[in-house]
Amino acid sequence: MASASLLLAWYDRHRRTLPWRGTRDPYRVWLSEVMLQQTTVAAVTPRYTRFLERFPDVAALAAAPWEALAEEWAGLGYYARARNLHAAAQAVVERGSFPGDSAGLAALPGIGAYTAAAVAAIAFDEPVMPVDGNVERVTARIFAEQMPLHAAKVRLARLAAGFMAQPEARARPGDFAQAMFDLGATICTPRRPACALCPWSGECAARALGIAETLPAKAAKKVRPVRHGVHFLLRDAEGRMLLRRRPPEGLLGGMLEVPGTAWREAGWAIEEAMPFAPIRAGWQVLPGEARHGFTHFELRMRLLVARCPSLPRIEGFEAHPGEGLALPTAMRRLLALDAAALPVAGKV
DNA sequence: CAATCGTGGGT
DNA sequence: TACCCAAGATT
């Protein structure tokens with residue numbers, strides 16, 4: 001069993017300065033943990049600061065319209081996080097305060113076992129071990145667990161909980177949890193771990209066996225199918241666009257999109273796609289296609305454009321200016337085709 | 001419970 | 001360029 005005191009001593013010397021470090025405000029800790037779900041520190045850092053300027057506390061977030069939150073989350077991905085964040089904020093305001101422990105936190109939408117434990121440990125000093133990818137990797141290496149990750153998850157979580165059970169860790173739950181994150185992020189990295197600098201190297205079974213970099217064992221990767229879509233960009237004389245709000249659930253749920261066909265594996269002939277245009281107009285096919293990789297498929301989109309003096313009012317569609325939009329990256333890539341086709345630069 | 005759900009940065 | 005992958009949750 002690796003000693004908690006060794007890790008804490010290392011953390012006290014090497015802790016990283018991050019925007020969410022140093023606060024124990026449950027709102028801020030919660031926001032940082034949700035933003036960091038499957039998202040890198042580099043990507044989160046500027047967005048976290050900006051988000052807090054716009055929504056400084058849970059009441060402000062709860063009172064905000066979804067459109068404002070969608071705008072603020074655009075480009076961060078996994079938009080269910082934003083929807084759940086909004087619903088949870090409203091639940092917290094409704095009940096009057098944040099739940100006081102990890103079990104209560106886990107009952108809020110978008111807060112699973114990991115996030116509940118992380119917020120409780122950091123904000124409430126509750127001695128629970130948040131088990132994320134870092135903790136799984138560190139634990140798998142310490143114990144030289146060679147089972148594939150998906151099969152070893154329960155066992156790794158139990159072993160990681162054993163770390164937090166040590167008195168030195170229980171005395172500083174938030175620091176110990178964040179020490180594990182920092183260790184995984186800077187020393188016990190997925191590739192080329194810096195074992196020579198690791199405070200636990202002397203007690204690491206994987207290092208002793210020379211197999212640290214191979215753990216945790218990874219599942220076989222699957223092939224990502226290609227899907228195709230055709231989209232229709234209608235602009236007026238002032239550059240406003242006719243957009244559509246996607247359904248609240250599912251892929252890019254609640255975000256704006258350029259209207260178009262469904263995304264399917266079979267390619268679209270332009271003629272076949274025309275019935276999906278919002279209006280009949282002189283649609284011009286732009287050269288090239290926009291590509292965007294989602295987690296489980298790759299998307300290729302063609303774009304047709306048309307101009308009109310003023311945007312029509314159509315049920316289900318909205319006119320939007322060119323700025324401050326809840327447009328996910330996939331849609332921004334699509335709009336870039338139009339920008340590239342313009343003879344004069346200066347548009348986004 | 002395996003599949004779904006995004007994106008930017010690093011290599 | 002192409003791949004890997006990151007402080008996961010939900011169904």
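Descriptive notes on the structure:
- Some residue of region A:195-215 being within 30 Å of A:ASP25 (Cβ to Cβ), part of a helix (DSSP H, G or I) and either open to solvent by 20 Å² or more (accessible area, probe 1.4 Å) or touching a residue at least 12 places away in the same chain (Cβ under 8 Å) (or both): no
- Failed item in (1) touching a Ser or Thr at 6+ places or on another chain (Cβ under 7 Å); (2) open to solvent by 50 Å² or more (accessible area, probe 1.4 Å), with A:ARG227 passing the rest: (1)
- Boolean, A:ARG83 is near DNA strand C (Cβ under 10 Å from one of its atoms), touching a Gly at 6+ places or on another chain (Cβ under 9 Å) and over 24 Å from A:PRO173 (Cβ atoms): yes
- Looking only at region A:89-104, and only at residues there that are closer than 18 Å to A:SER32 by Cβ and in contact (Cβ under 8 Å) with a residue 24 or more places away in the chain, the one that is nearest to DNA strand B (Cβ to nearest atom): A:ALA89
- Hey, A:ALA220 open to solvent by less than 50 Å² (accessible area, probe 1.4 Å) and not assigned by TED's automatic domain parsing to the domain that holds A:MET331 or not: no
- Any hit, region A:160-174, residues being among the aliphatic types (A, V, I, L, M), surrounded by fewer than 22 Cβ atoms within 10 Å (Cβ to Cβ), within 15 Å of DNA strand B (Cβ to nearest atom) and in a helix (DSSP H, G or I): no
- Hey, A:PRO259 in contact with a strand residue (DSSP E or B) (Cβ under 6 Å, 6 or more places away or on another chain), open to solvent by less than 60 Å² (accessible area, probe 1.4 Å), of a type outside the set (D, E, K, R) and at pLDDT 95 or above or not: yes
- Region A:283-337, residues that are assigned to a loop (DSSP other than H, G, I, E, B), of a type outside the set (A, V, I, L, M, F, W, C) and away from DNA strand C (no atom under 16 Å from the Cβ): A:PRO287, A:PRO309, A:SER310, A:PRO312, A:ARG313, A:GLU315, A:GLY316, A:PRO321, A:GLY322, A:GLU323, A:GLY324
- Given (1) surrounded by fewer than 16 Cβ atoms within 10 Å (Cβ to Cβ); (2) within 14 Å of DNA strand C (Cβ to nearest atom); (3) within 24 Å of A:ASP125 (Cβ to Cβ), index of the condition A:MET1 fails: (2)
- Any hit, region A:47-70, residues being open to solvent by less than 20 Å² (accessible area, probe 1.4 Å), more than 14 Å from DNA strand C (Cβ to nearest atom), in contact (Cβ under 8 Å) with a residue 40 or more places away in the chain and under 21 Å from A:MET331 (Cβ atoms): yes
- Hey, A:PRO321 in contact (Cβ under 8 Å) with a residue 60 or more places away in the chain and exposed (fewer than 13 other Cβ atoms within 10 Å of the Cβ) or not: yes
- Answer residue from region A:196-221, given it is of a type in the set (A, V, I, L, M, F, W, C) and within 16 Å of DNA strand B (Cβ to nearest atom) and is modelled with the highest pLDDT among those: A:LEU197
- Candidates are the residues of region A:181-193 that are crowded, with 20+ Cβ neighbours inside 10 Å and more than 9 Å from DNA strand C (Cβ to nearest atom); the one that is farthest from A:ALA118 (Cα to Cα) is A:PRO193.
- Checklist (1) away from DNA strand B (no atom under 16 Å from the Cβ); (2) in a helix (DSSP H, G or I) applied to A:TYR114, failing item: (1)
- Scope region A:88-130; condition open to solvent by 20 Å² or more (accessible area, probe 1.4 Å) and under 17 Å from the mean Cα position of the chain (by Cα); matching residues: A:PRO109, A:GLY110, A:GLY112, A:ALA113, A:TYR114
- A:GLU145 of a type in the set (D, E, K, R), surrounded by 15 or more Cβ atoms within 10 Å (Cβ to Cβ) and within 16 Å of DNA strand B (Cβ to nearest atom): no
The values are calculated or read from the model by the stated rules, or taken from the named source; none is laboratory data. Everything quoted here is computed from the prediction, not taken from an experiment. No Cβ is skipped: glycine too gets one built from the backbone with ideal geometry, and neighbour counts run over all protein chains shown. The protein model used for the area step is the full one, side chains on, heavy atoms only, and it has no ligands, DNA or RNA in it. Shrake-Rupley method; radii C 1.70, N 1.55, O 1.52, S 1.80 Å.
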